[in-house]
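Below is one structure, written out as structure tokens; comments come after it.
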Amino acid sequence: MNTVLRFQHILTPEGFERQKRLVIDDIGRIDSIEDEAGDAFDGWLALPGMPDAHSHCFQRAMVGLGESAAGEDSFWSWREAMYQLATRIGPEDLQVIATRAFSDMLRGGFTSVAEFHYLHHLPDGSAGTEMAQAVIEGARLAGIRLTLLPVLYQRGGFDAVPASRQRRFVHQRIDDFLDLLDRLSGVPLGIAPHSVRAVEPAAIADVESGAREILGDVFPRHIHVSEQLIEVEECLEFYGKTPIELLAEHVSLDHHWSLVHATHATEVETEEMNRAGVTAVLCPLTEAYLGDGLFHAAAFREAGGRIAIGSDSNVRIDAIEELRLLEYGQRLRLHRRACLADETGLGRPLWELACRGGEHALGQPVGRLEPGAFADLVVLRKDSVVLSALEDAQALDALITAGCAQDLAAVYVGGRRVVDNGEHERGLATTDEYGVVMGRLRNSL
Ligand SMILES: [Zn+2]
């Protein structure tokens, strides 16, 4: 049976449109968009829901941990704190943490997520699909649309065997990884070789061709690349090439590939990324949180590059804040304003840019309100202090520069309302379960 949602304004690929109804089929896709003559509406201004193109949901449990100023705190010391927690998380814990992270994403304006999943094995080190199933079940309970990207992780560094605290991430044999991939079902899948640091470059090509046997030719391929300066320096030392040069030498980079972070990509590399048609997946809040640096987003964008955003560490989950920091990082770097804006303003092009990039990164018809795409959307609050008395493009400019997730009146996935006035449909159940699991995990640290 069709669902019908009526809005005073919606943002479609054609622009802002007034008084429309979305007719949604029984699998949650938009069947048609029609004029609405009545005066009863489900909301004011509907935007496509934002795809979250990079997440490690279990890291939500790191919030409040790892902020010590003792010694030289860096990405690498944060990573040690993350490992300490990760080694203790079992499948039941992960399901609860994932449900919490995914519910928070929905409240933060993200309606779909590419989960870069590397916490594969059980706490005792034994292999199985339980941890991946916990992520899938967490997404189902939260009501978010998922693309699951099992991660191939083989070594602890360019020339290092994995440490014991990394053993739950590791598949030494590609066949074991492909066996896991083959046993997963029920959600769209892709692959994620972790990085050229954690996977031998030749193995990236092998796993890509092995995955083709299971998934066909069309599936998302994601990889962390050039996030940290040390990683770039070590790669140059070990291979005589940067991570992006090395990757490009071993696989044919094209629009199926998403390069996560690419923070320290050189000008030549960003041009090459653009030519290849890869998506740059940027995670501004996490990149700032970890002290990574800034990608040349404005130049990449000006040359027509495709950008998606991800919540990555999930330390703070808010699609609007991610976009604000994406723009402000470029302003601080370039000493000018409106770096990712166009002649229509800032909010609309930025929102649309990240939605289009997210669609590519997830490999699903999301991030646009038009027939054939999923009816995943966020609805802005007309009575918001930030948005009041504004319309269309100016409302989106205000949302990006002055707003946050509290300016969302509702969030829908597949035409179903999962967040209403900031409240997720599961109410406090998610928070209560999460509190119990976190109390136990933190006590065991
Ligand atoms: Zn990541």
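The values are calculated or read from the model by the stated rules, or taken from the named source; none is laboratory data. Not measured: the values here are computed from a predicted model. When we count neighbours, we look across all protein chains shown, and the Cβ atoms used for this are built from the backbone with ideal geometry, even at glycine.
Brief remarks follow.
- Residue pairs whose Cβ atoms lie under 8 Å apart, sitting 6 or more positions apart in sequence or on different chains, and linking a residue in the stretch 262-284 that is within 15 Å of the ligand (Cβ to nearest atom) and β-branched (Val, Ile, Thr) to a partner that is at pLDDT 95 or above and part of a helix (DSSP H, G or I), are THR263/GLU287; THR279/GLY357; THR279/HIS360; THR279/ALA361; VAL281/GLY357; VAL281/ALA361.
- Filtered by the rule that a residue be modelled with pLDDT of 95 or more and either out of contact with any Leu (no Cβ under 9 Å at 6 or more places or on another chain) or in a helix (DSSP H, G or I) (or both), the stretch 343-358 gives GLY347, ARG348, PRO349, LEU350, TRP351, GLU352, LEU353, ALA354, CYS355, ARG356, GLY357, GLY358.
- Unmet criterion (only one of (1) modelled with pLDDT of 95 or more; (2) away from the ligand (no atom under 16 Å from the Cβ); (3) touching a helix residue (DSSP H, G or I) at 6+ places or on another chain (Cβ under 6 Å); (4) over 23 Å from GLU359 (Cα atoms)) for GLY240: (3)
- Exactly one residue among VAL161, VAL170, VAL151 is surrounded by fewer than 16 Cβ atoms within 10 Å (Cβ to Cβ) and under 30 Å from GLU233 (Cβ atoms), and that residue is VAL161.
- Number of residues in the stretch 387-401 that are part of a loop (DSSP other than H, G, I, E, B) and either outside the structural domain of PHE7 (by TED's automatic domain parsing) or crowded, with 20+ Cβ neighbours inside 10 Å (or both) equals 1.
- Scan of the stretch 23-70 for residues that are within 16 Å of the ligand (Cβ to nearest atom) and part of a strand (DSSP E or B), ordered by number: PRO51, ASP52, ALA53, HIS54, SER55
- Once the stretch 285-328 is narrowed to residues that are touching a residue at least 12 places away in the same chain (Cβ under 8 Å), charged (D, E, K, R) and more than 16 Å from the ligand (Cβ to nearest atom), the residue that is nearest to HIS56 (Cα to Cα) is ASP318.
- Criterion violated by LEU340 - all others in (1) part of a loop (DSSP other than H, G, I, E, B); (2) within 16 Å of the ligand (Cβ to nearest atom) satisfied: (2)
- Inclusion of ALA361 among residues that are in contact with a Ser or Thr (Cβ under 7 Å, 6 or more places away or on another chain), of a type outside the set (D, E, K, R), in a helix (DSSP H, G or I) and surrounded by 23 or more Cβ atoms within 10 Å (Cβ to Cβ) is warranted.
- If you go through the stretch 103-126 and keep only what is in contact (Cβ under 8 Å) with a residue 40 or more places away in the chain and more than 16 Å from the ligand (Cβ to nearest atom), you end up with SER103, ASP104, LEU106, ARG107, GLY108, GLY109, THR111, SER112, HIS121, LEU122, PRO123, GLY125.
Residues are listed down the side, and each one gets a yes or a no for (1) polar (S, T, N, Q); (2) outside the structural domain of LEU22 (by TED's automatic domain parsing); (3) in contact (Cβ under 8 Å) with a residue 60 or more places away in the chain:
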| position | (1), (2), (3) |
| --- | --- |
| ARG336 | no, yes, no |
| LEU340 | no, yes, no |
| GLY347 | no, yes, no |
| GLY372 | no, no, yes |
| ALA375 | no, no, yes |
| LYS382 | no, no, yes |
| VAL385 | no, no, no |
| CYS404 | no, no, yes |
| LEU408 | no, no, yes |
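- Among the residues of the stretch 4-22, those identified as in contact (Cβ under 8 Å) with a residue 24 or more places away in the chain and assigned to a strand (DSSP E or B) are LEU5, ARG6, PHE7, GLN8, HIS9, ILE10, LEU11, THR12, PHE16, LEU22.
- If the condition is being under 18 Å from VAL170 (Cα atoms) and either acidic (Asp, Glu) or over 21 Å from the mean Cα position of the chain (by Cα) (or both), then the stretch 84-99 contributes GLN84, LEU85, THR87, ARG88, ILE89, GLY90, PRO91.
- Scanning the stretch 109-151 for residues that are of a type in the set (Asp, Glu) and under 25 Å from VAL196 (Cβ atoms) gives a single hit, GLU115.
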